[in-house]
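> My questions will all concern the structure given below.
We did not get these values from a lab; they are worked out from the coordinates using the rules stated. The model shown is predicted, which means the values in this text are computed figures rather than measured ones. Counting neighbours? That spans all protein chains shown, and the Cβs are built from the backbone with ideal geometry, glycine included.
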Amino acid sequence: MLKCAVVFIIVVCSSIIGLSLLQLQQSKVHELAQAEISSSNLARSMAQEAEDTFDEADIVLAGLVGWLQADGYGPGQIDRLHEVFVDRVSAIEQLHGLFFFDKHGQWVVTSFTGIPAEMNSSDRDYFIYHQNNDDPNPRIGHAIRSRATGEWVVTISRRVNDREGHFNGVVLAAIKMSYFDKFFEGFDINKNGAMFIALTDGTLLARRPFNDALIGTSVAQGDIFKNYLPRSSSGTAMITSVVDQTVRLCGYQQLKTYPLVVVAAISRDSILNEWQKNVYKSAAIIGAVLIINCLFGVLFIQQLRNGQRVETDLRSAKDDLQIMATHDGLTGLANRRLFQETLNAEFKRGARTTLPMSLIMLDIDYFKSFNDAYGHVAGDHCIAAVARVVRESLQREADLAVRYGGEEIAVLLPDTDEKGAFVIAEKIRLGVMSEHIIHQRNPLGNLTISLGCYTCFPGVDGNIEQFIERADSALYSAKESGRNVSVSFGEATTVGSFYSEVHMNTDQKKQRGDHSPDSGSGMPDPDNSLPVEDETPPSQDWKHPDDGKSLSEQDEEFPLKP
């Protein structure tokens, strides 16, 4: 039960932690998925806005190219062109200025008042491109500093041909870099986010946050240009920036009309900022729940332990009471109550199985004299020692040794015939003798016992009272036969061990004994005897153990084994 409770608490806590981690992981995935959608939508909006910005400028350029190719730019056209340039710049917010350069790169008309002397743009990339390429489409150039004002601008230009189709100059619109800053501000990205517009070759045109040193540099080695754009013109990717090494979720889109790529990047930390706050809150709540759960678990386990301890104590007390109620306190043998219950049960079982049942009744020889000589405490030790021998002589669980009364002990032997009972009786008798307990008022000098055996078939040979009476009668026969013998009821032959002395010579005496039954009757040989402690008759030199001797000296004289 205790282990189950511990396992249950561990499972509950683990489940709470596991489910919470799963929920947090799912919410993280959801946050990133939402950020991908937002980043993709942002890139799409940026692409549309950038395309509209360059479209407006290109429409103006296309109109000017048609005008210049049709009417030329003679002295009569210069003032009108200037007015148109100024008008278009004032009408279109993103325009920094409009310019027309002749085929030699000389400034012919601009939207600014006055043209600086000898201003020439033949060295600019856009001019060289149109001069060498008969491409009627607009070209977006690198970000440059305007030679008119010194500001950063992004150029879009077209080639102008004469009526024969030969190169006749370049018309150019310069878009303010500041406009792109304003353009970027229209989109909501976090402080660690980034947005930029670049040419398809990776050249950076505009960036938020603005960094003067980065304008015109290449990001072609970044993951978007190197790995993603070749596979798809739009999408999202978690990328570490090559510019500032910040991990960002990038939404990218390549424009269809112009060779431009727009990127909207939101930092991963910003995306997960709210999620991390929720993690801390959830961790605090989960921690509190776990602590409370563990506290209740500890209290519950303590209650279980207390309950188990009480249950164990009660069970132990019950067992002790059961033993006290059914066993003798001095010897540890069963008492009369348990004997009667067991005897009744075995009689009923024996009546069903028709198997024999035997009873041995034994009594300590000259026990009253032993008590008189050594005292009642020694007498108790003597009874306990005999009980121990009886208990050790029984091998089967079904055999029951009982303190029948005083120094009298009964041994119930279910499923045992007369011969088997007699063997057990002899084993007990010889075991007591082997203890060599001194009893100087016993003619043999040592403690001995007498035993009576009776065997019956329950349900056939009388009842329980007769069963006990006949075993008791056999015991009295053993007493009358001289004690220290085992007697079976109804047999005239008594079997025992008697001490005999054989003088081997005048200076040496020898004690000898044979405990094994002879081959004919299974009985001990009465001519053989067990050794005795002393040949001197006990009546001549026996003294009471209290005569001037300490308790330890008495114990040495009487080495009982309780």
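> Output wanted: per-residue J couplings in Hz (rounded whole) for region 112-121, from phi through Karplus 6.51 cos²θ - 1.76 cosθ + 1.60, θ = phi - 60°, x for Gly and Pro.
After applying 6.51 cos²θ - 1.76 cosθ + 1.60, I find 8, 7, x, 10, x, 5, 6, 6, 9, 10 Hz.
> Residues of region 5-33 with the amide nitrogen closer than 15 Å to a label point 7 Å from the Cα of Leu304, along Cα-to-Cβ, please.
5-14
> So how far, in whole Å, is the C-alpha centre of region 70-138 from the one of region 270-306?
72
> So how do 463-472, 360-369 stack up, highest first, on mean other-Cβ count within 10 Å? Please report the intermediate quantities before stating the final value.
Numbers: 463-472: 16.9, 360-369: 22.1.
Highest-to-lowest ranking by the protection proxy: 360-369, 463-472.
> Given H placed on each backbone N at 1.01 Å, which residues far from Glu151 in sequence or on other chains put an amide H within less than 5 Å of it?
The list, which skips near neighbours in sequence, is Ser146.
> Taking N as the number of residues in region 327-468, what value does Rg over Cα atoms divided by 2.2 N^0.38 Å take?
Compared with the compact-globule rule of thumb, region 327-468 sits at 1.07.
> Extension gain Asn344-Arg80, at 0.36 nm per residue separation less the Cα-Cα distance, in nm?
Net length gain for the segment: 81.1 nm.
> Here is a further query. Could you list the residues of region 230-257 with an amide nitrogen less than 20 Å from a label point located 7 Å from the Cα of Asp52 in the Cα-to-C-beta direction?
It comes to 252-257, nothing else.
> Additional query: State, to one decimal in nm, how far the label point of Thr240 lies from the label point of Asn278, with both points 7 Å from Cα in the Cβ direction.
With each label placed 7 Å out from Cα toward Cβ, I get 2.8 nm.
> Related question: Rounded if a/c is under 1.5, else prolate if a/b is larger than b/c, else oblate: which is region 309-367, with a ≥ b ≥ c the root eigenvalues of its Cα gyration tensor? Write out the running numbers ahead of the final one.
Working: a/c = 4.20, a/b = 1.39, b/c = 3.02.
Oblate.
> When a footprinting reagent is the concern and you count Cβ atoms within 10 Å, what order do Ser488, Ser477, Ser233 take, fewest first?
Arranged by neighbour count, lowest to highest, Ser488, Ser477, Ser233 become Ser233, Ser477, Ser488.
> Tell me the GluC sites (Glu not before Pro) within region 381-431 that lie in a loop according to DSSP and have at most 15 other beta-carbon atoms within 10 Å.
Glu397
> Apply 1/(1 + (r/R0)^6) to the Cβ-Cβ distance of Ser233 and Thr326, taking R0 = 56 Å, and write down the FRET efficiency to the nearest 0.05.
Given R0 = 56 Å and the Cβ-Cβ separation, E is 0.05.
> Which of the GluC sites (Glu not before Pro) across region 1-91 are loop residues per DSSP, with 16 or fewer other Cβ within 10 Å?
Nothing satisfies the criteria.
> Per the Cauchy relation, a quarter of the hull surface: what is the mean projected area of the convex hull of the alpha carbons in region 1-138, in nm²?
Spelled out: convex hull of the Cα atoms, projected over all directions, averaged, 14.7 nm².
> Same structure, new question: With a cut-off of at most 11 other beta carbons within 10 Å, and DSSP calling the residue loop, which trypsin sites (Lys or Arg not before Pro) in region 393-434 qualify? Please list them.
Arg396
> For region 144-214, report the convex hull volume of the alpha-carbon atoms normalised per residue, in Å³, without decimals.
124
> Now, a different point. Starting from the alpha-carbon convex hull of the chain, give the projected area averaged over all orientations, in nm².
Averaged projected hull area, Cα only: 55.7 nm².
> Consider just the alpha-carbon atoms of region 238-314 and return their Rg together with their Dmax, both in angstrom.
Values for region 238-314 (Cα only, Rg and Dmax): 27.7, 92 Å.
> Another question about this same structure. Using amide H atoms built in the peptide plane, which far-off residues or other-chain residues are under 5 Å from Val219 H to H?
Thr203, Leu204
> May I pose another question? Placing one identical point scatterer on every Cα of region 198-342 and ignoring solvent, what is log10 I(q)/I(0) from the Debye formula at q = 0.14, 0.16, 0.19, 0.22 Å⁻¹?
-0.81, -0.92, -1.09, -1.27
> What ranking of Trp152, Trp275 emerges when the number of other C-beta atoms within 10 Å of each C-beta is taken as an exposure proxy, fewest first?
So the residues, fewest neighbours to most, are Trp275, Trp152.
> Between Glu164 and Phe187, what's the calculated FRET efficiency when r is the beta-carbon distance and R0 is 51 Å? Round to 0.05.
0.60
> Sorted from largest down, give the three principal axis spans of the alpha carbons of region 1-271, whole angstrom values.
108, 32, 28
> Based on DSSP H runs of at least 4 residues, each adding -39500 (n - 2.57), what is the mean residue ellipticity at 222 nm of the chain after dividing by all its residues, to the nearest 500 deg cm²/dmol? Don't skip to the end; give the middle numbers.
On the way: 13 runs with 251 residues, N = 562.
Result for the chain, helices only: -15500 deg cm²/dmol.
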